[in-house]
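Note sheet for the following structure.
The values are calculated or read from the model by the stated rules, or taken from the named source; none is laboratory data. Given the structure is predicted, the values throughout are model-derived calculations rather than measurements. Every residue, glycine as well, gets a Cβ built from its backbone with ideal geometry; the counts of neighbours run over all protein chains shown. Areas reflect the complete protein model, heavy atoms only, side chains present, ligands, DNA and RNA absent. Shrake-Rupley method; radii C 1.70, N 1.55, O 1.52, S 1.80 Å.
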Amino acid sequence: DAGVTQTPRHEVAEKGQTIILKCEPVSGHNDLFWYRQTKIQGLELLSYFRSKSLMEDGGAFKDRFKAEMLNSSFSTLKIQPTEPKDSAVYLCASGRGNTEVFFGKGTRLTVV
Amino acid sequence: GDSVTQTEGPVTVSESESLIINCTYSATSIAYPNLFWYVRYPGEGLQLLLKVITAGQKGSSRGFEATYNKETTSFHLQKASVQESDSAVYYCALGAYNAGAKLTFGGGTRLTVRP
């Protein structure tokens, strides 16, 4: 029974690089969320898709962050260019309506 | 905007002691917020511990309880007797009905239970 799959689990990037994080939601779920988790800010919503349509793109993150969902079973989060302050754990979650939501294990990004 | 404030960690308790992690919320954009506690065990993804969608009701799971108190805008997490396996990071969150994982989270509380 596959949950939400995120790859890679760890990513190290140099400042200025472009990185792409990937997420496969639970099959049949039509809601997909990207969150960023840091010790200081906690969990912050980056993007929210419903049935592949972008519903929210987390205002403060529009600048260098772009989430896409080209099909219902795959989403990407691109950060371009990366900065050291982007170092965080990036979480993907999927759900359907008001049923339980499932989170992936996250991608830990370190920007040096 | 909406916000959630919870006990700042880390919190350390001994096995079999009682636990309370405080959570208060402010829901300015949601008329009838749903309240959640999520937990992240070491090496695992974030997972739902319990949720309550109606004010005045209590949710419970794995020995944990939380009561949705609209008057005090609180949703404190309690357990009468913790176990070492409860060591994890706990997040309080609020969201609108049918908003799925579009949640506003508290900052998380890291709990360590000493054997």
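Which of the residues belonging to segment A:24-50 are away from every other protein chain (no Cβ under 12 Å) and either of a type outside the set (D, E, K, R) or over 20 Å from residue A:109 (Cβ atoms) (or both)?
A:27, A:28
Between residues in segment B:76-98 that are open to solvent by 60 Å² or more (accessible area, probe 1.4 Å) and residues that are among the polar types (S, T, N, Q) and not in a loop (DSSP other than H, G, I, E, B), which pairs lie under 6 Å by C-beta distance while being six or more apart or on different chains?
Listed by first residue and then by second, the contacts come to B:97/B:34.
Is it the case that segment A:70-81 has a residue that's assigned to a loop (DSSP other than H, G, I, E, B) and under 18 Å from residue A:25 (Cα atoms)?
Yes, segment A:70-81 has at least one match.
Assuming residue A:55 fulfils every condition listed in (1) among the aliphatic types (A, V, I, L, M); (2) at pLDDT 95 or above; (3) open to solvent by 20 Å² or more (accessible area, probe 1.4 Å) apart from one, which condition is it?
It fails just one condition, (2).
Please find, within segment B:61-109, the residue that is nearest to the other protein chains (Cβ to nearest Cβ) out of those that are within 24 Å of residue A:96 (Cβ to Cβ) and of a type in the set (S, T, N, Q).
So the residue we want is B:98.
When only residues in segment A:82-105 that are assigned to a strand (DSSP E or B) and free of Cβ contacts under 8 Å to residues at least 60 places away in the same chain count, which is farthest from the other protein chains (Cβ to nearest Cβ)?
A:88
Which pairs have Cβ atoms under 8 Å, sit 6 or more apart or on different chains, and link a residue in segment B:44-56 that is at the interface with another protein chain (Cβ under 7 Å from one of its Cβ atoms) and within 25 Å of residue A:92 (Cβ to Cβ) to one that is surrounded by fewer than 16 Cβ atoms within 10 Å (Cβ to Cβ) and of a type in the set (Asp, Glu)?
B:48/A:100
Give me a count of the residues in segment A:6-50 that are open to solvent by 70 Å² or more (accessible area, probe 1.4 Å) and either of a type in the set (Gly, Ala, Ser) or more than 21 Å from residue B:104 (Cβ to Cβ) (or both).
The number of residues fulfilling the criteria is 10.
State whether the residues of segment A:37-45 include one that is of a type in the set (Ser, Thr, Tyr), assigned to a strand (DSSP E or B), touching a Cys at 6+ places or on another chain (Cβ under 9 Å) and in contact (Cβ under 8 Å) with a residue 40 or more places away in the chain.
Scanning segment A:37-45, I find no residue that is of a type in the set (Ser, Thr, Tyr), assigned to a strand (DSSP E or B), touching a Cys at 6+ places or on another chain (Cβ under 9 Å) and in contact (Cβ under 8 Å) with a residue 40 or more places away in the chain, so the answer is no.
Residue by residue through segment B:2-28, note down the ones that are open to solvent by 40 Å² or more (accessible area, probe 1.4 Å), farther than 13 Å from residue B:74 by Cβ and assigned to a strand (DSSP E or B).
B:3, B:12
What tally of residues in segment A:74-112 results from selecting those that are among the hydroxyl-bearing types (Ser, Thr, Tyr) and modelled with pLDDT under 95?
Total satisfying the criteria: 2.
Which one is most open to solvent (accessible area, probe 1.4 Å) among residues in segment B:29-42 that are within 18 Å of residue B:109 (Cα to Cα) and either among the small types (Gly, Ala, Ser) or outside any loop (DSSP other than H, G, I, E, B) (or both)?
Ranking the candidates gives B:40 first.
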